[in-house]
Amino acid sequence: MKKKVQFTETVLRDANQSLIATRMSFDDFMDILPAIDDAGYYSVECWGGATFDTALRFLDEDPWERLRKIKESMPKTKLQMLLRGQNLLGYKHYPDDVVRRFVRRSIENGIDIIRIFDALNDIRNIKVSVEETKKNGAIASGAISYTTSPVHTTKKYVETVKEMQKMGVDTVCIKDMAGVMSPKEAYDLVSSIKDAVDLPVSVHTHMTTGLGFMTYLKAIEAGADIIDTAISSFSGGTSQPATETLVHALSQLGYELDIKYDKLKEINDFFKPVREKFLESGGLDPLVLATDSDALTYQIPGGMLSNLISQLKMQNSMDRFNEVLEETPKVRKDLGYPPLVTPMSQMVGVQAVNNVLSGERYKNIGKELRSYVRGEYGTAPGKIDEEVKKLILGDETEIEGRYADTLDPDEFEKMKSEIGDLAKNEDDVLSYIAFPSVAENYLRKRKEKEERQVKYTIEMID
Ligand code: CO
């Protein structure tokens, strides 16, 4: 018997986020949770990422309550969330006290595994979350944001993973959010990580460029223990490779799997009409299900490419598209090769467009980009070009040390008094800190609804 391979199902989080902008409500998937719980998954990724924001903003749901309800319907399987380290679920940095509270309450509400990453792979930004996860008895998974560049070598990734091991992570994850990791790169990286540390390795990719299945197979041959997949009706395109396909292929190859195939069919039959519903409403654009190899040619993730096109269209400048395509990797190089994930993909893209359209490089500079060059997001993977740094910073100086240390440690108490009695507990305050205006709207609506109910009850007694 060959080694064991385990599965993380992403239909509730990443597949949901990548294909339909996280618009699945709890009611959409509630009835299938017991079957998912019986299917033999290593874990189910169901929270974090964009789920929190969209629940409050579009679905009129309390994300904390959603988590508790998932836990109730799925008591056996480990629930997993994605956390952006010191940024929690957003893009700004929070003081340590807020990060610790958020992590602790996530675990107390039902999370078993927290996958923690930083967009720049600056591990100072994941340290506090990792510590707090361990302290509360959950599994801390340290994730590296995968990208390719002259400074992103296997050696450097392995060093990062070793640092994470020292920090106390229980597992490591290679997180290829753009779906650009090739089978060879996966084989080499997983082998090197397995040689260097004695920790389970999980691999996360997307089908964007069509490499996904091959990448997983080679990653498994190199010793990967866990792969992220989506049930087939929510797989492919910008989502993950399909669960059933990999189960079929790997079991024939003799790998030991805990997955029950008949349960997968039941789960997929449930999600087919959900997909139909979103296709009909336009919430699922068939374009995101296609294979897009441009990301490999231009080294620009698919989502970023479509952003560039829409920016240029808005400014009636599609005729400059090729210049922008050439400028983008130059800007990335100037900035020390940040991985092109949010928020770096936006910063690099906007700057490339500005540089081309204004006819002068770094004439117009965004606020976020200035913060990045100051070091507020962490240390750049490579060296930021000195000339460009001068152009962007002017008289401003770079920050020293970790940005979170410069933040107000009393943020929680301040925000708590600011939101007042709209917040009923610590979770409400944390929602407010994470997404102030969106959470305030939600909490206000909730209060009005409750007041109406009270009134109705009184009338009934009358
Ligand atoms: Co992803």
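Working from the pairwise distances between different alpha carbons, so that the mean of 1/r is found and then inverted, what is the range 109-264's Kirkwood radius in Å?
Across the range 109-264, the inverse of the average 1/r is 16.0 Å.
If you count only protein heavy atoms with a 1.4 Å probe, what accessible area per residue comes out for the range 410-461, rounded to a whole Å²?
That works out to 66 Å² per residue.
Could you do me a favour and compute the accessible area per residue for the range 153-196, 1.4 Å probe, result in Å²?
Solvent-accessible surface per residue comes out at 42 Å².
Please report, to two decimal places, log10 I(q)/I(0) for the range 219-290 at q = 0.20 Å⁻¹ as given by the Debye formula with identical point scatterers on the Cα atoms and no solvent.
Result of the Debye calculation: -0.89.
For the range 410-461, what % of the accessible area comes from carbon and sulfur atoms, probe 1.4 Å?
Carbon with sulfur: 53 percent of the solvent-accessible area.
How high is the relative contact order of the chain, in percent, with contacts defined as C-alpha pairs under 8 Å that are six or more residues apart?
On the way: 796 pairs, mean separation 76.0, N = 462.
Over the chain, the number comes to 16 percent.
When we measure straight from the Cα of Lys330, which lysines land under 23 angstrom away, once same-chain ones fewer than 8 places off are left out?
Lys330 reaches Lys156, Lys313, Lys363, Lys367, Lys383, Lys389, Lys390.
Give me the dipole magnitude in Debye, nearest 20, for the range 410-461 about the Cα centre, with unit charges on the beta carbon: positive for Lys and Arg, negative for Asp and Glu.
Roughly 340 debye, rounded to the nearest 20.
Once the dipole of the chain is set up with Lys and Arg at +1 and Asp and Glu at -1 on Cβ about the Cα centre, which of Leu422, Gln252, Ile174 lies farthest towards its positive end?
Gln252
Tell me, what is a quarter of the convex hull surface for the C-alpha atoms of the range 1-125, in nm² with one decimal?
9.0
Quick check: the distance between the Cα centres of the range 48-71 and the range 248-277, to the nearest angstrom?
Measuring centre to centre over Cα atoms gives 26 Å.
If you roll a 1.4 Å probe over the range 223-297 with all protein chains in place, what percent of the accessible area is carbon or sulfur?
The value for the range 223-297 is 55 percent carbon and sulfur by accessible area.
Could you provide, to the nearest whole Å², the per residue accessible area of the range 286-404 with probe 1.4 Å?
Working: 6130 Å² over 119 residues.
Solvent-accessible surface per residue comes out at 51 Å².
Can you figure out the FRET efficiency of Glu323 with Val151, using R₀ = 22 Å and their beta-carbon distance, to the nearest 0.05?
Numbers: r = 25 Å, r/R0 = 1.15.
Once the sixth-power term is evaluated, E becomes 0.30.
Taking a temperature of 37 °C and a viscosity of 0.692 mPa s, what whole-number D in µm²/s does Stokes-Einstein yield for the chain with Rh from Kirkwood over alpha carbon pairs?
142
How big is D, in µm² s⁻¹, for the range 410-461 by Stokes-Einstein at 4 °C and 1.567 mPa s if Rh is the Kirkwood radius over C-alpha pairs? Before the final figure, lay out each step's value.
Values: Rh = 11.8 Å.
Taking Rh from Cα pairs, D becomes 110 µm²/s.
Compute the signed sum of charges (Lys and Arg +1, Asp and Glu -1) over the other residues within less than 13 Å, Cβ to Cβ, of Glu72.
Computed value for this residue: +3.
Once the cut-off is 36 Å, how many percent of the Cα-Cα pairs in the range 6-281 end up in the long-distance tail?
8
If you look at just the Cα atoms of the range 314-462, how large are its Rg and its Dmax in Å?
Computed over the Cα atoms of the range 314-462, radius of gyration and Dmax are 23.0, 76 Å.
The values are calculated or read from the model by the stated rules, or taken from the named source; none is laboratory data. All values reported here derive from a predicted model rather than from experimental measurement. Neighbour counts are summed over all protein chains in view; Cβ atoms, including those assigned to glycine, are modelled from backbone coordinates with ideal geometry. Ligands, DNA and RNA are stripped out before the accessible areas are found, and what is left, the full protein with its side chains, is counted by its heavy atoms. Shrake-Rupley method; radii C 1.70, N 1.55, O 1.52, S 1.80 Å.
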